[in-house]
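Comments concern the structure below.
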């Protein structure tokens, strides 16, 4: 299996925010996925800088990539705060799961 941004995003869909029960990709928490020479870099955020789950979710993200993307070299998951997360960043599926209608 090739190390691709798509494969990394697929792995990250296994990381569930325990407060809302939705994966971090559909929540819009994953801002960027970079793959270069098999090495993976991810920039992700939390819904608020005060979220106590930041370290836990970044560790889970790294573990999911290592488990689900064979051949990945180094894996770095950086927690970023710019731009600030907004509910509009969620996928339509996440909004529907939360009962939000357009």
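The values are calculated or read from the model by the stated rules, or taken from the named source; none is laboratory data. Because the structure is a prediction, the values reported are computed rather than measured. Cβ: placed from backbone, ideal geometry, glycine included. Neighbour counts: every protein chain shown.
Remarks
- Being under 12 Å from the mean Cα position of the chain (by Cα) and without any contact (Cβ under 8 Å) to a residue 40 or more places away in the chain is not true of residue 92.
- Cross-chain or 6+ apart pairs with Cβ under 6 Å, segment 42-56 first and over 21 Å from residue 73 (Cα atoms), then at pLDDT 95 or above: 45/29; 45/80; 45/85; 47/85; 49/81; 54/46; 54/79
- Just so you know, in segment 1-23 the residues that are exposed (fewer than 13 other Cβ atoms within 10 Å of the Cβ) and closer than 19 Å to residue 40 by Cα include one that is modelled with the highest pLDDT, and it is 6.
- The set of residues in segment 32-59 being in contact with a helix residue (DSSP H, G or I) (Cβ under 9 Å, 6 or more places away or on another chain), over 16 Å from residue 7 (Cβ atoms) and modelled with pLDDT of 95 or more consists of 44, 45, 46.
- Filter result (farther than 16 Å from residue 23 by Cα and surrounded by 12 or more Cβ atoms within 10 Å (Cβ to Cβ)) within segment 46-72: 66, 69, 72
- Selection count, segment 80-100, where residues are farther than 15 Å from residue 23 by Cα and either in contact with a helix residue (DSSP H, G or I) (Cβ under 8 Å, 6 or more places away or on another chain) or in a helix (DSSP H, G or I) (or both): 2
- Matching option when the condition is within 10 Å of the chain's Cα centre (by Cα) and surrounded by fewer than 16 Cβ atoms within 10 Å (Cβ to Cβ), among 32, 37: 32
- Matching residues in segment 60-72 - criterion: being outside any helix (DSSP H, G or I) and either within 21 Å of residue 90 (Cβ to Cβ) or modelled with pLDDT of 95 or more (or both): 69, 72
- Residues (touching a helix residue (DSSP H, G or I) at 6+ places or on another chain (Cβ under 7 Å), within 14 Å of residue 37 (Cβ to Cβ) and free of Cβ contacts under 8 Å to residues at least 40 places away in the same chain) located in segment 60-79: 75
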